[in-house]
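Written out below as structure tokens is the structure these notes cover.
Laboratory data are not the source of any read-out in this text; all were calculated from the coordinates shown. This structure is a prediction, so every number in the text was calculated from the model and none was measured. Backbone-built Cβ (ideal geometry, glycine too); neighbour counts: all protein chains shown.
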Amino acid sequence: MNDVTHNYFAARFFDGEKLLLNVSFTIKNGIINSLRANSLASDTAEVLDGLVSPGFIDIQVNGGGGDLFNSTPNVNTLNTMATAHLQFGTTSMLPTVITDRLSVMEEAAESIASVMAAQHSIIVGVHFEGPHLSLPKRGIHSAEYVRALTDKELQVFSRTDLGKVVVTVAPETVAPDVIKELSARGVLVFLGHSNTDAETALKAIEAGAVGFTHLYNAMSPLTSREPGMVGAALSAQQAYCGIIVDHHHVHPLSVKLAYQCKGAQRMILVTDAMAHVGSDMQQLPYMGTVIQREGSKLTLPDGTLAGSALDMIGAVKNCHFDLQIPLVDSLTMATSTPAHLLNAQHRLGYLRVGQQANMLLLDDALSITHCWVNGIKQHNYNM
């Protein structure tokens, strides 16, 4: 293969950790080959007008482009989801399987294994959200399929051909020794959809759980005499917390409190996106009911929140413009922090020499004007 090299210059450049100025860099065969800050643009460099950022990493994506992974857990759905979310800056994602039958989980795993074997440029693993959850905090997860963990599910979670595997469990339904076993097999255990007390949650963290799924939502709250799962999440310094910043799932003050407690290095922006994102879909049939869209909000007919219509650039904008979280931290929570969770920081989440050239060009309003995946320019967005 012939070497393909591109030269670029950016006046503003976020490398995944800090904001650099006047950066000259080259991309060779999809990898950042050289990078120099405080430089001058060469005659051969393409000047990028705006802020360059690493592409976003979304660890919780249920659907997109009109397709829900649970409903059609095949390769076509995965490609549709990846294309739909790419326009919003997601260059790496974990398609998410909501609580369902074992056969759906197995079919989803086969599809993930297929795209991983083909070295999919955007899909880097899978997130199984359930089915081992708490019935009182199951949210839209079907009570029919919430169940105890058996060897059959363990076999699915433990497959080594799925890329990065995240599994959300309720710690009152999955014992610490099982969490320890999952962790030993390389599974990233998250805690969520749980009505447990703080002590049980912290024991799960001690056993190897690494984070909490959509902080505040579908979990026991922080109160004066019972810290609950929220208290455990905010106090466990090393634990990651995914959070849905769409102004529907979490009050702005609660987001800011979590950010103050955890910092940008432990907070991860997630979408929890349903099929509506990247499509004009208004209603989605789901488990015998329907998920309806009203503006930017998704609910069941009874008003229960049902995933989100959020996209990653929307989450970043909400953090920075609405909540006044510094731009570097808002971007960090969408890039390098999820990369560290996935232990993929050597190739994803940063723009440094040797890193995969997944990057975005943002204007002053944080709209995406261009996107690159593996060094290849994908679209002219002008959104």
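Odds and ends about this structure:
- Anchor LYS28: lysines whose Cα lies under 27 Å away (excluding residues fewer than 8 positions away in-chain): LYS18, LYS164, LYS377
- Scaled against the 2.2 N^0.38 Å expected of a compact globular protein of N residues, the Cα radius of gyration of the stretch 310-350 reads 1.20.
- Residue order, fewest to most surrounding Cβ atoms within 10 angstrom, among ARG12, ARG266: ARG12, ARG266
- Ellipsoid semi-axes in whole angstrom, largest first, where each is sqrt(5λ) of the Cα gyration tensor of the stretch 1-104: 37, 15, 11
- Rounded to 5, the percent of DSSP beta bridges in the chain classed as antiparallel: 55
- Cβ-based exposure ranking for VAL245, VAL52, VAL104, in which fewest neighbours within 10 Å come first: VAL104, VAL52, VAL245
- Packing-based ranking, highest mean first, of 86-95, 13-22, 199-208, 212-221 given that Cβ atoms within 10 Å are counted: 86-95, 212-221, 199-208, 13-22
- Cα-derived Rg over Rh, computed across the stretch 223-321 with Rh taken as Kirkwood radius: 1.02
- Angle of helix 252-262 to the longest C-alpha principal axis of the chain, folded into 0 to 90 degrees and rounded to 10: 80°.
- Summed side-chain charge close to ASP197 - residues other than ASP197 whose Cβ falls under 15 Å, Lys, Arg +1, Asp, Glu -1: -1
- Ordering of 283-295, 127-139 by packing is 127-139, 283-295, highest average first (other Cβ atoms within 10 Å, averaged per residue).
- With the convex hull constructed from alpha-carbon coordinates only, the stretch 291-383 shows a mean projected area of 7.7 nm² over all directions.
- The phi torsions of the stretch 325-341, fed into the Karplus equation with coefficients 6.51, -1.76 and 1.60 and a -60° offset, translate into couplings of 6, x, 4, 4, 6, 4, 6, 4, 5, 10, 10, 6, 5, x, 5, 5, 3 Hz, rounded to whole numbers, with Gly and Pro shown as x.
- Net charge of neighbours whose Cβ lies under 11 Å from the Cβ of LEU362, counting Lys and Arg as +1 and Asp and Glu as -1: -1
- Crossing angle, helix 102-117 versus the chain [Cα axis fit, 0-90 degrees, rounded to tens]: 20
- Kirkwood Rh and Cα Rg combined as Rg/Rh, the chain: 0.96
- Alpha-carbon gyration tensor eigenvalues x 5, square-rooted, for the stretch 167-206, Å: 16, 10, 7
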